[in-house]
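J.: Input: one structure, supplied below.
Just so it is clear, none of the values below were taken in a lab; they were calculated from the coordinates. A quick note: this is a predicted structure, and the numbers were derived from the prediction, not measured. Note that we place each Cβ from the backbone using ideal geometry, even for glycine, and neighbour counts take in every protein chain shown.
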Amino acid sequence: MINVLILTSNITGIFQSESYEMQKIINDFPTCKFKFIKKGMETQDDILWADVITGHPKPALLKKAEHLKWLHLQSAGVNDYEDMQIYGNPQIVVTRSADVFSIAMAEHAIGMILALNRLFPHFIRNEVEHKWERVHASLELSGSTVLLLGTGSIAAEIVKRLKGFDCKIIGVRRDINKHAEGYDKIYPVQKLHDALRQADYIINSLPLTVATYHFLGEEEFALMKEQAIIINVGRGKTIDTQALIKALKDSKIAGAGLDVCDPEPLETNSPLWDMKNVIITPHSSGDSLNTEKRRIMLFRKQLIKFMNGEKLDHLIDFTAGY
């Protein structure tokens, strides 16, 4: 019997024991014993009981879990779980929910660009005040140059959607020899500044690692076009928040769409809230009903492989940090 601990993040989520999808998993895996606990309520005994965990257990409890064989994170990001030293089992396999959020995040990123281009934040404020004021938009996505920071699965879905706007698409990535579809040119990280000078839009989907912390700072913002718009659907700490605020205040760039911030949640007194050329969403770009379905389908597929002794997908690279 394999003990599987499911850590649920909310009351009505698809990983709840009562959901149709989870009931099907329970019925289809009779040699597994499932336990459901709300995230944050797990104890050391719960962690010691489990052979498999999906969710985000308290990292401090993992050191004693010498028999925990597999941890499957329900997020694409791995922050707090990328250090091998936190695990009691040196042979543990840790996987992440890659690819399941990419479609929703791509639509979110494109939506932010279009909303900023068409001055939707301004018009929505006017709508609340019942104010009719015609202001002319000046930016178009069509025919522009878009820079993707990171060329993984999120960026791949963004690229597909940008093709319909006849954009020139460039990217920056750590390994330029790794194939990525749909780009006009890919630059190595060392050529980031060359890429930034060309971009009308910069879309950041980078994971947070030692190498990507404050990847964009004051020096980088100084190189951007004045009409440039930055979109961040990666991690908040990959951008120096104070440098971003200064660039926006000084009109060094035209606007920003932020689904992630540093700190997070964003402080209530942050000047970003009141900027008319900024859109802020609460780390929600990956949310959709289809995302939830893809997330549990991935876990099911991984569980089949685990039970069959096969290699799992989306393994964390502890050396790279994601």
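J.: Would you list which lysines come within 17 Å of LYS178, measuring only between C-alpha atoms, while excluding same-chain residues fewer than 8 positions from it?
T.: LYS191
J.: Order the peptides 102-111, 299-308 from the highest to the lowest mean number of other Cβ atoms within 10 Å of their residues.
T.: 102-111, 299-308
J.: Greater than 23 Å separation of Cα atoms is the criterion. Which listed pairs, LYS163/LYS246; LYS69/LYS293; LYS33/LYS69; LYS168/LYS225; LYS64/LYS301, meet it?
T.: Exceeds cut-off: LYS163/LYS246; LYS69/LYS293; LYS64/LYS301.
J.: I've got another one for you. From the square roots a ≥ b ≥ c of the eigenvalues of the alpha-carbon gyration tensor of region 33-170, which class results: rounded (a/c under 1.5), prolate (a/b over b/c), or oblate? Before the final figure, lay out each step's value.
T.: On the way: a/c = 4.06, a/b = 2.23, b/c = 1.83.
Note, shape of region 33-170 comes out prolate.
J.: Can you tell me the alpha carbon radius of gyration of the chain divided by the globular rule-of-thumb value 2.2 N^0.38 Å? Provide the component values of the computation, followed by the final result.
T.: Details: Rg = 21.5 Å, N = 322, 2.2 N^0.38 = 19.7 Å.
Here the Cα radius of gyration is 1.09 times the empirical estimate.
J.: Among rounded, prolate and oblate, which fits region 1-105 when a ≥ b ≥ c are the square roots of the eigenvalues of its C-alpha gyration tensor, a/c under 1.5 means rounded, and a/b larger than b/c means prolate?
T.: oblate
J.: Below 8 Å between Cα atoms, with a sequence gap of 6+, how large is the relative contact order for the chain in percent?
T.: Result for the chain is 16 percent.
J.: What angle, in degrees between 0 and 90 and rounded to the nearest 10, separates the Cα long axis of helix 102-117 from the longest principal axis of the Cα atoms of the chain?
T.: In the chain, helix 102-117 runs at an angle near 20 degrees to the longest axis.
J.: Amide H of LYS33: which non-local residues (sequence gap of 5 or more, or other chain) have their own amide H closer than 5 Å, using H built in the peptide plane?
T.: Excluding prolines and chain starts, which carry no amide H, the hits are ILE2, ASN3, VAL4.
J.: Please label the shape of region 12-67 as rounded, prolate or oblate, based on the square roots a ≥ b ≥ c of the eigenvalues of the alpha-carbon gyration tensor (a/c under 1.5 means rounded; beyond that, a/b larger than b/c means prolate, else oblate).
T.: Oblate is the answer for region 12-67, as a/c is 1.5 or above yet b/c matches or exceeds a/b.
J.: Take the chain, connect every pair of alpha-carbon atoms lying under 10 Å apart with a spring to form a Gaussian network, then pick out the residue of LYS168, LYS64, LYS131 with the largest mean-square fluctuation.
T.: Among LYS168, LYS64, LYS131, the largest GNM mean-square fluctuation belongs to LYS131.
J.: Let me ask you something else. Please state the Cα pair-distance histogram of region 102-280 with 5 angstrom bins from zero: what percent is in each bin?
T.: Computed distribution, short to long bins: 1, 8, 18, 22, 22, 15, 8, 3, 1, 1, 0.
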